[in-house]
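The values are calculated or read from the model by the stated rules, or taken from the named source; none is laboratory data. Since the structure is predicted, the reported quantities are computational estimates derived from the model, not experimental observations. With ideal geometry, Cβ positions are generated from the backbone for all residues, glycine too; neighbour counts draw on all protein chains shown. Calculation scope for accessible area: heavy atoms of the full protein, side chains included, ligands and nucleic acids excluded. Shrake-Rupley method; radii C 1.70, N 1.55, O 1.52, S 1.80 Å.
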Amino acid sequence: MSQTNADSLKYDKLVQKTIKAETINYGIIFGNEKIVFIKTGADGDIRGYKDKYLKMSHRVHERMGATVICASNPETENGHFAADKEMISYVASELKHTDYMVYFLGVSDGAYHNIVLSAEIPQAMKLLGISTSRKTVEDFKEKLQVLAHVEKILVYGTEDYEYDVVPMLKDLECENLKVMIIEGADHDFKGMLDEFITLSDVL
């Protein structure tokens with residue numbers, strides 16, 4: 001990312017959707033026909049700690065020229081998938097992109113959410129999951145295998161409490177499923193903010 005002062009960074013457009021008395025916030029940066037959908041971790045907002053999601057969104061936009069949609073992740077789960085699908089379609093329509101590709105980037109619970117969501121998006125091309133949470137190992141394995149057509153990169157730190165799933169993922173590694181290990185990183189990449197933001201470069 002260029003040496004832009006973080007205080008000057010912003011999204012081009014902010015949209016809110018209310019579901020069961022909770023609000024999902026969307027921050028949008030307009031760009032080309034590559035749409036990158038970022039889903040924050042559980043209870044995360046679209047700026048994030050020290051603006052990490054805002055900085056990541058701008059980094060992705062500057063590197064790929066992509067349109068970026070960053071979605072908050074309130075506690076209520078029901079309705080997220082429909083709202084997020086609708087937002088992707090809305091942004092593509094706003095930009096008059098009839099032929100577009102969707103790249104997914106999710107963190108923790110947001111990464112699991114994007115694995116499920118991307119199975120419902122025909123335009124899904126690639127998925128980056130950082131510290132991906134899961135319900136059970138078998139459920140996680142099944143969800144990944146449904147996405148045989150989508151390139152998947154899953155990132156875990158060696159100090160992540162979810163790290164125990166890595167052996168199973170290593171067994172599944174193939175041309176379109178790669179596992180990245182970050183030495184010393186915990187689930188939240190505490191003290192490794194720059195490393196977290198630059199993970200978006202693998203999209």
Is one or more of the residues making up segment 178-190 more than 18 Å from the chain's Cα centre (by Cα), touching a residue at least 12 places away in the same chain (Cβ under 8 Å) and within 21 Å of Val116 (Cα to Cα)?
no
First in segment 118-143 and under 12 Å from Val165 (Cα atoms), second anywhere and of a type in the set (Phe, Trp, Tyr), Cβ under 7 Å, 6 or more apart
Ser131/Tyr156; Thr132/Tyr112; Ser133/Tyr112; Arg134/Tyr112; Arg134/Phe140
Failed condition for Phe81, given (1) outside any loop (DSSP other than H, G, I, E, B); (2) touching a strand residue (DSSP E or B) at 6+ places or on another chain (Cβ under 9 Å); (3) modelled with pLDDT under 95:
(2)
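Please pick out the residue among Thr98, Thr67 that is among the β-branched types (Val, Ile, Thr) and surrounded by fewer than 19 Cβ atoms within 10 Å (Cβ to Cβ). Spell out the reasoning first.
Values: Thr67 fails: surrounded by fewer than 19 Cβ atoms within 10 Å (Cβ to Cβ).
Just one listed residue meets the conditions, Thr98.
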Which residue is farthest from Lys17 (Cα to Cα), if the candidates are limited to segment 40-64 and must be open to solvent by less than 20 Å² (accessible area, probe 1.4 Å) and part of a helix (DSSP H, G or I)?
Val60
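Can you list the helices (runs of 4 or more DSSP H) lying wholly within segment 111-203 that have 2 or more residues being crowded, with 19+ Cβ neighbours inside 10 Å and touching a helix residue (DSSP H, G or I) at 6+ places or on another chain (Cβ under 8 Å)?
On the way: elements: 137-146, 166-172, 193-198.
Result: 137-146, 193-198.
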I'm told Tyr49 meets every condition in (1) under 15 Å from the mean Cα position of the chain (by Cα); (2) within 22 Å of Gly191 (Cα to Cα) except one. Can you identify the failing condition by its number?
(1)
Hey, among the residues in segment 83-111 that are more than 20 Å from Tyr53 (Cα to Cα) and among the hydrophobic types (A, V, I, L, M, F, W, C), which one's farthest from the chain's Cα centre (by Cα)?
Leu95
